[in-house]
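Written out below as structure tokens is the structure these notes cover.
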Amino acid sequence: MQNSTKKEIMSWVKPMALAVILVVICRQFLFSPVTVHGVSMEPTFDNNQRVIVSKTSSAERFDMIVFGAPDAPGKQYVKRVIGLPGDRIEMKDDKLYVNGEFQEEPYVNRINDLGVSKITGDFTLQELTGETTVPEGTLFVLGDNRLKSNDSRAYGFVEADSIFGVVKLRIYPIKEVGIPR
């Protein structure tokens, strides 16, 4: 092979190798695509939609996060953060209260299969978990489709170190690309 041909090949291989390395580093440490499975986040996300999560963002109240499923090793769930460490959570008359303050939830699916607008039974954090506040290092999460969501009401608090990332962008289906609310 001629020397000029080798130089030409190397001029293509080096940038492509660098690009592959950058993609691997970004995916490993900065962001990653995730597929939503199930109906627990409807109407925000439908089954098989795809999102991008940031691995460097801190979870804030009402962010959607991806985390290791506490009740299903090897699986990941997408849920909405409702309670941060130190928060008191209560549901009265299908209205969410965090630290005694009513919270609007425009993202919640309020109509069940029978057309009834009951989304969640009343509860306090203490009734569900035995704790009066969300413990340090944990979060309290709920799905947007409360009647069909396996969430903190069933398995308790989510450990902060089990969080894979914070949802930042919907990338599929194409017609719904954008920042989810």
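When both region 1-72 and region 138-181 are represented by their alpha-carbon centers, they are found 18 Å apart.
Short-range pairs are left out: with C-alpha atoms under 8 Å and at least six residues apart, the relative contact order of the chain is 25 percent. Note on T124 and K55: the model spin-label points, each 7 Å out from Cα along the C-beta direction, lie 4.1 nm apart.
Taking the Cβ of V158 as the centre, find all other residues whose Cβ is under 14 Å away and add up their charges (Lys, Arg: +1; Asp, Glu: -1). That works out to -3. Peptides 14-24, 122-132, 87-97, 59-69 ordered by packing proxy, namely the average of other Cβ atoms within 10 Å per residue, highest first: 59-69, 87-97, 122-132, 14-24.
Note on K175 and A17: with the Förster distance fixed at 35 Å, the Cβ-Cβ geometry gives a FRET efficiency of about 0.50.
Among residues other than V141 with Cβ under 9 Å from its Cβ, the summed charge is +1 (Lys and Arg +1, Asp and Glu -1). Subtracting the Cα-Cα distance of Q28 and E8 from 0.36 nm times their residue separation leaves 4.1 nm of extension gain. Only aspartates and glutamates eight or more places from K175 in sequence, or on another chain, were considered; those with a Cα closer than 18 Å are E42, D46.
Modelled spin labels at K75 and K168, positioned 7 Å past Cα toward Cβ, are 2.8 nm from each other.
Once you order the gyration tensor axes a ≥ b ≥ c over the Cα atoms, which shape class does the chain get: rounded for a/c under 1.5, otherwise prolate or oblate by comparing a/b with b/c? It comes out prolate by the Cα gyration axes.
The phi torsions of region 158-165, fed into the Karplus equation with coefficients 6.51, -1.76 and 1.60 and a -60° offset, translate into couplings of 9, 5, 4, 6, 8, 6, 7, x Hz, rounded to whole numbers, with Gly and Pro shown as x.
Only the coordinates and a few stated rules stand behind these numbers; no lab work does. Small disclaimer: the values here were computed from a predicted structure and weren't measured. We place every Cβ from the backbone using ideal geometry, glycine too, and count neighbours over all the protein chains shown.
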